[in-house]
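Asks: After the structure tokens below, expect a handful of questions from me.
The values are calculated or read from the model by the stated rules, or taken from the named source; none is laboratory data. All values derive from a computational prediction rather than experimental measurement. Here the Cβ positions follow ideal geometry from the backbone for every residue, glycine too, while neighbour counts run over all protein chains shown. Heads up: the accessible areas ignore ligands, DNA and RNA and are worked out on the full protein's heavy atoms, side chains in. Shrake-Rupley method; radii C 1.70, N 1.55, O 1.52, S 1.80 Å.
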Amino acid sequence: MSQFYEISPEQIEKNPFIMIDKEWMLIGAEKEGEVNAMTASWGGLGVLWNKKVSFCFIRPQRYTREFVDSADRFSLSFFEEKYRDTLGYFGRVSGRTENKIEKSGLTVSYAEGAPYFAEGNLILICRKIYVGTIEPEHILLPEIDKTIYSQQDYHKVYVGEIVKVLMKV
């Protein structure tokens, strides 16, 4: 298994637009001793309330949302391109119907009380500091509500203080 070393959030050199939008990430959390994760391509990194933060979005029907809701911490795991099919699998299949982690062959590790994937090359461990739901009356572009939320399944927004960043050696 690969080794990681800790860096500060300011030392992340990779472009977050590429990391999140183009390469994707797994959002992972634990509930009652079980780990679940899902692929995400919406989110960001920044500063809020004088803290280095990540933010991500999860629709109500996603099983992982139950895990992130019940946990104090969650992880964002980023991977090399060779894991693209695995990330696609985590986005297509629900953990309600099968054990995605076992079938994927990924290895769960822990840091700061949050599960992450040892095969990742950059890991953000986050402590939840804000949870909210996108409200249709606050969407200023009607085409977004019409196209993205035609089912009225508005995302929950999770903001996490980045408490640890692990980078693969």
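Asks: Condition first: closer than 19 Å to residue 65 by Cα, surrounded by 13 or more Cβ atoms within 10 Å (Cβ to Cβ), touching a strand residue (DSSP E or B) at 6+ places or on another chain (Cβ under 8 Å) and not aliphatic (A, V, I, L, M). Can you find one or more residues in segment 132-150 that meet it?
Replies: Looking through segment 132-150, none of the residues is closer than 19 Å to residue 65 by Cα, surrounded by 13 or more Cβ atoms within 10 Å (Cβ to Cβ), touching a strand residue (DSSP E or B) at 6+ places or on another chain (Cβ under 8 Å) and not aliphatic (A, V, I, L, M).
Asks: Taking the conditions exactly as written (touching a Phe, Trp or Tyr at 6+ places or on another chain (Cβ under 6 Å) and either open to solvent by 20 Å² or more (accessible area, probe 1.4 Å) or not hydroxyl-bearing (Ser, Thr, Tyr) (or both)), does residue 166 satisfy them or not?
Replies: Values: touching a Phe, Trp or Tyr at 6+ places or on another chain (Cβ under 6 Å): yes; either open to solvent by 20 Å² or more (accessible area, probe 1.4 Å) or not hydroxyl-bearing (Ser, Thr, Tyr) (or both): yes.
Here the answer is yes, as residue 166 does meet what is asked.
Asks: Next question, about the same structure. Considering 74, 67, 90, which residue is without any contact (Cβ under 8 Å) to a residue 40 or more places away in the chain, within 12 Å of residue 36 (Cβ to Cβ) and under 12 Å from the mean Cα position of the chain (by Cα)?
Replies: Result: 67 is the single residue among 74, 67, 90 that is without any contact (Cβ under 8 Å) to a residue 40 or more places away in the chain, within 12 Å of residue 36 (Cβ to Cβ) and under 12 Å from the mean Cα position of the chain (by Cα).
Asks: Of everything in segment 131-169 that's in a strand (DSSP E or B) and without any contact (Cβ under 8 Å) to a residue 40 or more places away in the chain, which residue is farthest from residue 59 (Cα to Cα)?
Replies: 132
Asks: Restricting to segment 40-73, name every residue that is closer than 13 Å to residue 157 by Cβ, touching a Gly at 6+ places or on another chain (Cβ under 8 Å) and not small (Gly, Ala, Ser).
Replies: 53, 55, 56, 57 - these are the residues of segment 40-73 that are closer than 13 Å to residue 157 by Cβ, touching a Gly at 6+ places or on another chain (Cβ under 8 Å) and not small (Gly, Ala, Ser).
Asks: Could you list, in sequence order, all residues of segment 72-102 that are farther than 22 Å from residue 122 by Cβ and of a type outside the set (A, V, I, L, M, F, W, C)?
Replies: Across segment 72-102, the qualifying residues are 92, 94, 95, 96, 97, 98, 99, 102.
Asks: List pairs: first residue in segment 26-49 and under 16 Å from residue 122 (Cα atoms), second residue open to solvent by 20 Å² or more (accessible area, probe 1.4 Å) and among the acidic types (Asp, Glu) anywhere in the structure, Cβ distance under 8 angstrom, at least six positions apart or on different chains.
Replies: 41/21
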